[in-house]
Amino acid sequence: MTGEATMPGPLSVDGERLVRRLLELGSIGGLPGGGCARLALTDDDAAGRNLVMSWMLDLGLDVTIDAVGNVIGTRAGREPGPPVMTGSHIDTVRTGGFYDGNLGVIAGIEVIETLADAGVTPRRAMAVGFFTNEEGARFAPDMLGSLVYAGGMTAEQAHDVVAIDGARFGDELERIGYLGGSPCPGQAPYAFVELHIEQGPVLEAQHKRIGVVTGVQGISWQELTITGQSSHAGTTPISLRHDPGYVAMELGSFARRLANDLGPPQVATVGRLQLQPNLVNVVAAVASMTVDLRNTDELVLRHAEARFADQCVTLADAEGVVIESRSLARFEPVTFDTQVTDLIELAATNRGLSTMRMPSGAGHDAQMMARLCPTAMVFVESVGGISHNVTEHTEPVDLVAGANVLLDVLHRLAEQENPWLAT
Ligand code: HGY
Ligand code: MN
Ligand code: MN
């Protein structure tokens, strides 16, 4: 690694301001039993966007909005050139917590504000962004905004995506006032580092403070529409049925058996399942379901997809139903830049924080930004490994520790000579 092996000086973030903003943002779309719901491009998402943008503008950042609603705030450096960038997302799932995505955005603002408060203007510009529709819960695929930013989809294609509630992406973006004029793909940053909660049980189980994220596992989402024959639940003999509800449940249990058969890190999830007409005494006419398959190994993921597809053919033949599959998202595993992961490990160690290297089970905007520049992620612990659940929690001490590691890494990247030359 060229350049000095030390990290910047003893600056630290304002932990009280960081936590206060997380709770303030979390109150938007707040749910009665705790947690929050800000599905992408809803009015609650718009309110969250407005609040975070106000913090960026109050900080004096140059704020841009692009053609899919990605919002980026930039503070100029001493020299011209691409910014060191951080960020994440502020849209949530329907049963979201206060930290998934939000931490990376608010910590990014906090880092820039801490440097500005200290009168420090790094060599390179620094930028913090929130990307549209990272969750993919309302519009598929997930990471849609950062995918467009990185050139993996056009803004026009994104505008025509239809939500699970029938709304069109471009119409909703315009309705909430976030159809911006900045071009897509976006500017390639000098480097991208994302702080995020782990959302899993590993850091807690291993008693480690900081996750040095080495990459993101591959993701395969498909939506199945299973069409059979609706009939009377009492009079129709089993041998004469063409029951999509039965097939859907068989496929759901097959997915679990497949994951167990392949072993970790293979996972399989049926997150959505709907029957029509969904009545107690009617054999369903149609079943629709989603299947989420993930693995860190692309070949094993393809093998899992193939075995699942074979099971669909077998069941469709046996039950006399028709199964149509539509891909909602398909991203191969991503490996992050080792120079950036080394910096994260050094920064955490210099702050006396224990670390471990680990892949991410969840998808993140960083996996898209890795297409543009050297990229990596910082994880902090999720209590009980719980996320995508209103009880999601990360202790303030860990929120602040993660933000300080982010501060040191971004500051180092913003000051260093060009380290991307071969060492
Ligand atoms: O699905 C995911 O992994 C992410 O939360 N979008
Ligand atoms: Mn997230
Ligand atoms: Mn999420």
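Brief remarks follow.
- Look at segment 406-423: where a residue is at pLDDT 80 or above and of a type in the set (A, V, I, L, M, F, W, C) and a partner is in a helix (DSSP H, G or I) and surrounded by fewer than 24 Cβ atoms within 10 Å (Cβ to Cβ), sitting 6+ places away or on another chain with Cβ atoms under 7 Å, you get Leu407/Thr114.
- Residue count, segment 71-90 (criterion: part of a strand (DSSP E or B) and within 16 Å of ligand 1 (Cβ to nearest atom)): 2
- Failed item, numbered, when Tyr99 is tested on (1) hydroxyl-bearing (Ser, Thr, Tyr); (2) within 15 Å of ligand 1 (Cβ to nearest atom); (3) not in a loop (DSSP other than H, G, I, E, B): (3)
- Among the candidates Glu194, Glu172, Glu156, residue that is of a type outside the set (Lys, Arg), out of contact with any Lys or Arg (no Cβ under 7 Å at 6 or more places or on another chain) and within 16 Å of ligand 1 (Cβ to nearest atom): Glu194
- Residue list for segment 130-144, filter: within 11 Å of ligand 1 (Cβ to nearest atom) and either of a type in the set (Ser, Thr, Tyr) or not in a loop (DSSP other than H, G, I, E, B) (or both): Leu144
- Taken together, Leu315, Leu293, Leu299 contain a single residue that is among the aliphatic types (A, V, I, L, M) and surrounded by fewer than 13 Cβ atoms within 10 Å (Cβ to Cβ), which is Leu299.
- Enumerated helices (runs of 4 or more DSSP H) restricted to segment 304-423, each holding at least 3 residues that are within 16 Å of ligand 3 (Cβ to nearest atom): 366-369
- Gly361, sole failed condition from (1) within 16 Å of ligand 1 (Cβ to nearest atom); (2) buried (at least 24 other Cβ atoms within 10 Å of the Cβ): (2)
- Scan of segment 156-177 for residues that are in contact (Cβ under 8 Å) with a residue 12 or more places away in the chain and either buried (at least 22 other Cβ atoms within 10 Å of the Cβ) or of a type in the set (S, T, N, Q) (or both), ordered by number: Ala158, Phe169, Glu172, Leu173
- Among the residues of segment 52-104, those that are among the small types (Gly, Ala, Ser), within 16 Å of ligand 3 (Cβ to nearest atom) and closer than 19 Å to Thr375 by Cβ comprise Gly87, Ser88, Gly101, Gly104.
- Condition met for Gly48 (under 24 Å from Asn389 (Cα atoms) and at pLDDT below 95): no
The values are calculated or read from the model by the stated rules, or taken from the named source; none is laboratory data. Computed from a predicted model, the values in this text were never measured in an experiment. Note that each Cβ is placed from the backbone with ideal geometry, even for glycine, and that neighbours are counted across all protein chains shown.
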